[in-house]
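Visitor: For reference, the structure I am asking about is given below.
The values are calculated or read from the model by the stated rules, or taken from the named source; none is laboratory data. Predicted model, so just to flag it, every value in this text is computed and none were measured. FYI the Cβ positions are ideal-geometry reconstructions off the backbone, even for glycines, and counts take in every protein chain you see.
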Amino acid sequence: MVLAASAARRLAKLGAAEGRTLMLRVAVDGGGCSGFQYRFELVETAQDDDLRVECDGQAALVDPVSVPFLKNAEIAFIDELAGAQFVVRNPNAASSCGCGVSFSI
């Protein structure tokens, strides 16, 4: 799993605006229109059992239950006409919904 430079830049910008160090927590939850869905949260502290992925001094955290679903995935940030958001480019996803938030394996 990797944290893309685009996500690291966005985390640095968000942290600077807040005046504190922020990390991106990425989790996989059951639900969504395709079976699983990604959950993103900005946090200041990590849990002891989190997997920590870093790029350019910024970090993403993944809980142990979500790690197998995100093997070889890339966490990125996109800023397009339709909106700006963190995304997961997941090679394990067999299919995903139109919005890209939920997926199946």
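Visitor: Exactly one of these conditions fails for PHE69: (1) closer than 19 Å to ASN90 by Cβ; (2) modelled with pLDDT of 95 or more. Give me its number.
Guide: Of everything listed in (1) closer than 19 Å to ASN90 by Cβ; (2) modelled with pLDDT of 95 or more, PHE69 misses just condition (2).
Visitor: Is it the case that region 48-61 has a residue that's within 12 Å of ALA7 (Cβ to Cβ), modelled with pLDDT under 95 and touching a helix residue (DSSP H, G or I) at 6+ places or on another chain (Cβ under 8 Å)?
Guide: No, region 48-61 contains no residue that is within 12 Å of ALA7 (Cβ to Cβ), modelled with pLDDT under 95 and touching a helix residue (DSSP H, G or I) at 6+ places or on another chain (Cβ under 8 Å).
Visitor: Right, here's the next one. When the residues of region 22-46 are narrowed to those that are modelled with pLDDT of 95 or more and not in a strand (DSSP E or B), which ends up surrounded by the most Cβ atoms within 10 Å (Cβ to Cβ)?
Guide: Checked region 22-46; the qualifying residue surrounded by the most Cβ atoms within 10 Å (Cβ to Cβ) is LEU22.
Visitor: Shifting gears a bit: Quick one: is ARG9 more than 12 Å from the chain's Cα centre (by Cα), basic (Lys, Arg) and in a loop (DSSP other than H, G, I, E, B)?
Guide: Against the criterion (more than 12 Å from the chain's Cα centre (by Cα), basic (Lys, Arg) and in a loop (DSSP other than H, G, I, E, B)), ARG9 does not qualify.
Visitor: Same structure, new question: State all residues of region 48-91 that are among the charged types (D, E, K, R) and not in a strand (DSSP E or B); if no residue qualifies, say none.
Guide: Scanning region 48-91 gives ASP48, ASP49, ASP50, ASP56, ASP63, LYS71.
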